[in-house]
Amino acid sequence: LIAGGPGALLKAVEGAEDNPQLGEDDLRGLNLTAQDLVVGLAASGRTPYVIGGLKYARSVGCTTAAISCNPDSPIAHEADIAISPVVGPEALTGSTRLKSGTAQKLVLNMISTGAMIRVGKVYSNLMVDVEATNAKLIERQVSIVMEATDCDRATAQKALEACGRHCKTAIVM
């Protein structure tokens, strides 16, 4: 979710991030349960939209995490888990898209990688739940099956074709 909705990715929706109720409303629309994890992201750690979302998530019983480059931020205090990479001052004062944005993206990449491992989409260091939706991904599946099983290209291709291009099944085959 982003303050202001998907359109805010292309054009700023001024004032949307200043409204904590919008954060709650957006999460409410997802029908959260206590089994969900909500991660709030704000470089400064004080964005009202994120605070509203975290408060709502906690009221539902969700585990909450906050990622901000300010260790003593309001979202850090609002969440169960606070992740606060300290990057120092930005090269251009007032721009959080530089060091802070990069640090937060690295943290998000680590979280999503860990999640993929935990839900069984990874074998060794291979992303084995690759859906072959284009030529590049078809080739990636072949390479993954070859690396995981030490088989040749023809054997990998045959196994993938036999199981409807389900990479995990091809590896077991």
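The values are calculated or read from the model by the stated rules, or taken from the named source; none is laboratory data. All figures in this text were calculated on a predicted structure; none of them were measured in a lab. Reconstructed Cβ throughout: ideal geometry from the backbone, glycine too, with neighbour counts over all protein chains shown. Protein only, heavy atoms only, side chains kept; ligands, DNA and RNA dropped before computing areas. Shrake-Rupley method; radii C 1.70, N 1.55, O 1.52, S 1.80 Å.
Every helix of 4 or more DSSP H residues in the chain counts as -39500 (n - 2.57), and over all residues that averages to -13500 deg cm²/dmol at 222 nm. In the full protein context, the chain carries 62 Å² of accessible surface per residue, based on a 1.4 Å probe and ignoring ligands, DNA and RNA. Starting from the Kirkwood Rh over alpha-carbon pairs, what translational D in µm² s⁻¹ does the chain have by Stokes-Einstein at 37 °C and 0.692 mPa s? It diffuses with D of about 176 µm²/s by this estimate.
In summary, the range 1-94 shows an alpha-carbon radius of gyration equal to 1.07 times the 2.2 N^0.38 Å reference for compact globular proteins. Set the Cα radius of gyration of the range 105-149 against 2.2 N^0.38 Å, with N its number of residues, and you get 1.25. Measuring between their Cα centroids, the range 99-142 and the range 1-74 lie 24 Å from each other.
Counting only residues at least eight positions apart within a chain, or on another chain, the lysines with an alpha carbon under 20 Å from that of LYS136 are LYS121, LYS158, LYS168. Here ASN31 and VAL122 are evaluated by their C-beta separation; at R0 = 25 Å the FRET efficiency comes out at 0.30.
Taking a point 7 angstrom from the Cα of ALA115 along the C-beta vector, which residues in the range 87-107 have backbone N less than 20 Å away? Once the point is set 7 Å along Cα→Cβ of ALA115, 101-107 turn out to lie under 20 Å by backbone N, inside the range 87-107.
Percent antiparallel among DSSP beta bridges with both residues in the range 7-145, to the nearest 5? Within the range 7-145, antiparallel bridges account for around 20 percent of the total. Atom-type composition of the exposed protein surface of the chain places 55 percent of the accessible area on carbon and sulfur (1.4 angstrom probe).
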